[in-house]
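See below for the structure under consideration.
The values are calculated or read from the model by the stated rules, or taken from the named source; none is laboratory data. Owing to the predicted nature of the structure, the values given are computational and were not obtained by experimental measurement. Methodologically, a virtual Cβ is constructed for each residue, glycine included, from the backbone with ideal geometry; neighbour enumeration extends over all protein chains shown.
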Amino acid sequence: MLIFLLRRLLVLLVTLAVASLAIFVILEVLPGDPALLILGMEAQDDTLAALRAQMGLDRPAPVRYLTWIGGLLSGSSGISHTYAVPVSELIGERLLVTVPLALLALVVSTIIAVPLGMFAAVRRGRLGDYGVMGFSQIGMAIPNFWFGIIAILVFAVALGWFPSTGFPGWDAGAGVALWALVLPVFSLALPEAAILARVTRASVLETLGADYVRTARAKGIRERRVLWGHVLRNALIPMTTILGLQFAFLLAGSIVIESVFSLPGLGRLIFQAVSARDLVVVRDVVLLLVCFVVVVNFLVDIAYGVIDPRARRSA
């Protein structure tokens, strides 16, 4: 197990190093002058030179890369040129919205999808199976922002049950803040639940035909215990992969939903930073999202090793 963990950790570190270099290189080759974009076309040459020096654009690219990575490792992030505050403060404030939003959406999608997928697998070829697969197909075909717009029109505008946009902040109370996240959470969760329900059904169907399941039934074990104790546990491996990928996607892909509901999250921050060409914010936020994806994949690999010892031995 220790060798398995060390190998996965080495892959994680190498991936982060390559990703950070790729992010830096891509931002370096983008056309345009960030200082000129910030100050405008009529800016004086000495003012442009001073801002370029302040942004570090007058130094060689390798020096800027090492300075950036060294600052991140030491906990000293750069200063946003748009907001004039440290990037770490901006990211910390936005994570308080994006991470709860992604976690709640993942929990809701799992609660919806796993029972539906098992229900469809047990009733394969019957009306219940067709209903679940129809829901899955519709959920996969319709984008989450469409669900968000419909939810605003129905539950916020017509019925007035939930706020349509904005986030009051956690200082207003956990109940008030969570109430404002209900519509965004379900808008994010429904498409992911559709995907997970389909994967759960396929995985459970494959497990239902295993010899140990037939043996458990032959011993007279109740069907509910067979399904939840034998079938579901052994069907968790592909489901774990999808859950890990979904959480990473929910963190990195919530830009549209945060824009629809005017949520001050990480996705909206990077959208605003790209629009203002605030490269300091863009670099740090993109690298943070990459770290989330890589770390989630690392945790999924560890979960593989815990759920199925064969994955440990093969690695």
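Observations, loosely collected:
- Identification of helices (runs of 4 or more DSSP H) wholly contained in the stretch 67-181 with 2 or more residues that are in contact (Cβ under 8 Å) with a residue 40 or more places away in the chain and crowded, with 20+ Cβ neighbours inside 10 Å yields 87-122, 127-141, 144-151.
- Unique match (being at negative phi, charged (D, E, K, R), modelled with pLDDT of 80 or more and over 13 Å from the mean Cα position of the chain (by Cα)) among Arg283, Arg313: Arg283
- Elements of type helices (runs of 4 or more DSSP H) in the stretch 230-296, at least 2 residues being closer than 21 Å to Ala197 by Cβ and of a type in the set (Val, Ile, Thr): 236-252
- Evaluation of Gly253 against the conditions (1) crowded, with 20+ Cβ neighbours inside 10 Å; (2) at pLDDT below 75 shows that the sole unmet condition is (1).
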